[in-house]
Amino acid sequence: MRATFLKIKLLILITTCILLLTACHEGRQQMMPMQQTMDSMKMWYSRMQGDSMEAKSRQAALYLQQHENDHSDPMRRLRAEWLKAKGVWFSAIKGMPDSALFYTERAIAEMNGLSGVDELRILAMANRADFYRQLGQLDHSVDGYMLALETADSSGLADEMKIPLMLGISTAYTFMADYQNSGYWWHKTGELVEQMNKGDQFIYYNNLGNDHYFQQHYSLARDCFIKAAELVKGEENRKWDYYTALTNLGEIYVCLGQADPARVMIAEADSFFRKVNLLPPLYYLETERIELTLLEGHTQQALQMVNHCEFSDVSIPAAKLLRLKAVEQVMRQTGNYQCAYEAHQQLHSLNDSIQNAYIRMQMSTRMLQYNHDKRLLAQEHTIDYERMKGRLAWALFAVSSLTIGLLCMFILEWRRRQKLHNMEVRQQIVGMRMENTRNRITPHFIYNALTHEMLAQMEGRKVNLESLTQLLRRGIEQADMLETTLAEELSFVDYYVDIERQQMPLALFYEKEIGKNVNLQAVKLPAMTIQIYVENAIKHGLKRQGGMLTVRISRKENATLVEVIDNGQGLDSTYQEHTGMRVVRQTILMLNERNQQQITFGIGNIPDGCRSWLLLPDDYNYNFTKI
């Protein structure tokens, strides 16, 4: 059945694009050369002079490139118009709907925020929906037309702007094989035939003919195509429309078994499209000639035509289906059963793919239609509500407000309790994580300190048991603490440095620079953080060569900056965090989850060594036990 094999008629799209392209805005006075170029593009387009149109398009592109930094409203409107025209050119002239969609999306984006471009925006939205139809994304096509129709309604545009959109919706449903919806929209659109201009009337009869054709109502389709052709016959600017209708009539006469009128229609259309060198319709016409040759009984001639096709595949599913069906018939009638089988397999595979796509798109379209109807229903309810103001509106509003208020209070209370519960559970988890993390520090430092003193004893050097004792005692104390003061932390660091400097082969100089406005007893920080920074500086920068270690503390607005600076060799590419540094990072990240003001930290090389730093906000909460 031909309704199964034809998904789209590209020639129908071309006529629709002509109608949409004819509406353009007049440019500003300072852009008259560019506007004249755009007008020339439309003129060459209407005359099917693709090369001339492309040349004008390049001129327009060069002008826009020279003014790419001009983002004024007139220039944006002109750029949007060119992008829209470029999209139509890619679709109609080049047969590349994907590129057409790309440029049209850019045109719509260019119009965002612009005023006075409602008609241009709706035309671009209609083009976008039509390009989706070419790509076989018919659900998106219907949705795109619906959205354009809603935009036209909200913009208060005249019915003349809505007719092409209704035609697009009807056509998309036709190509989706959703004949229930297409019949509804064709009937609804047919009520406006008297208000249509000649271009809209042509699209109406031509595309309605396709709807009948897909359903194999060939006589009804013939009558529609004849009306479409009569509307534009003899008009210079409607040649494309006229020969499109003849192409469709040629196919219909073949289906009706009427070879003589089919031959006339195909010959006239082929002559025209060869003059303008347009591949997609010529590909369709070649397939129709093969079918006509079979109809006339010239099977060997049809076989020769199949084996020496003049035009390459335009990658349109409908065209592939029609060609594969003709090839299968030719091969079967000429006894080439292997080739016929291969064509049948390709035909079956492509047809299944299209049928599956039809089902999927019909389901998607019904959902989109449901959402569209829901939006319309909401608008109608809004109108009804406005009409009922002054009657029962205030009473209903009061009851609704009370109900909503109580419901909101219930929801807020439930959410508050749920949040409270979640925070309690989360804090318990974080608390256990913190305790586990902090407990990892003590063994680390006890091991380092004992190793240092044991080595000193083994080498016969003096053992500083007092410093070691103080270090171990404070290390154990601070391991159980989440926070400490700067004063306590610096005291711990003093003991640690005192032990380390005794184990180093070269002198280690140590100094603290405390800003005058720093209150060491008031500033708090995660316990053992500075000590770990100091250990990292000694281990990676000063251990072998000695040098200067500086702990500098200063105020930075509403925070305290702690810096650990050494003039050692700095960090190389093989540097990896040791246990203590990983604990610092994990601890701070867990604490930051609880605070709006964040502790920031880092480590990196400086020209004369390495710098570790920690910025402590004044209002920082270290408490994980209270909500």
Checklist entry - Considering only protein heavy atoms and a 1.4 Å probe, what is the carbon-and-sulfur percentage of the accessible area of the range 496-627? => result 46
Item to check | Residue-normalised accessible area of the range 55-141, given per residue in Å² at a 1.4 Å probe | outcome: 39
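How much of the accessible area of the range 159-265, in percent, comes from carbon and sulfur atoms when a 1.4 Å probe is used?
47
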Checklist entry - Which whole-Hz ³J(HN,Hα) couplings does the range 492-505 yield from phi under the Karplus relation 6.51 cos²θ - 1.76 cosθ + 1.60, θ = phi - 60°, glycine and proline marked x? => result 4, 5, 4, 5, 5, 5, 4, 6, 4, 5, 6, 8, 8, x
Checklist outcome for this item: Which residues qualify? For Gly568, with a placed amide H closer than 5 Å and at least 5 residues away or on another chain, they are Cys610
Checklist entry - Which order, highest average first, do 595-602, 212-219 follow once you tally other Cβ atoms within 10 Å for each residue and take the mean per peptide? => result 212-219, 595-602
Next on the checklist: So for each of 509-516, 609-616 I average, over its residues, the number of other beta carbons within 10 Å; can you give me the resulting order with the highest mean first?
Outcome noted: 609-616, 509-516
Item to check | ³J(HN,Hα) computed for each position of the range 555-561 - Karplus, 6.51 cos²θ - 1.76 cosθ + 1.60, integer Hz, glycine/proline x | outcome: 9, 10, 6, 9, 8, 10, 9
Item to check | By average C-beta atoms within 10 angstrom, highest first, the peptides 61-71, 76-86, 106-116 | outcome: 76-86, 106-116, 61-71
Checklist entry - How long are the three semi-axes of the equivalent ellipsoid of the range 508-627, in whole Å, if each is the root of 5 times an eigenvalue of the C-alpha gyration tensor, listed from largest down? => result 26, 17, 11
Checklist entry - Which residues' amide hydrogens lie under 5 Å from the amide hydrogen of Thr484, considering only partners 5 or more residues apart or on another chain, with H built in the peptide plane? => result Leu525, Ala527
Next on the checklist: Restricting to Cα pairs below 8 Å that are 6+ residues apart, what does the relative contact order work out to for the range 204-290? Please round to a whole percent.
Outcome noted: 21
Checklist entry - Out of residues 5 or more away from Arg555 or on other chains, whose amide H comes under 5 Å of its own, with H placed 1.01 Å from N in the peptide plane? => result Leu561
Checklist outcome for this item: Expressed per residue, the solvent accessible area of the range 492-552 in Å² (1.4 Å probe) is about 44
Checklist entry - Once phi is turned into θ = phi - 60°, what whole-Hz ³J(HN,Hα) does the Karplus curve with 6.51, -1.76 and 1.60 give for every residue of the range 602-607, x standing for Gly and Pro? => result x, 8, x, 6, 10, x
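The values are calculated or read from the model by the stated rules, or taken from the named source; none is laboratory data. Bear in mind the structure is a predicted one, so any value in this text is a computation, not a measurement. FYI the Cβ positions are ideal-geometry reconstructions off the backbone, even for glycines, and counts take in every protein chain you see. All accessible areas refer to the heavy atoms of the entire protein, side chains included, with ligands and DNA or RNA removed. Shrake-Rupley method; radii C 1.70, N 1.55, O 1.52, S 1.80 Å.
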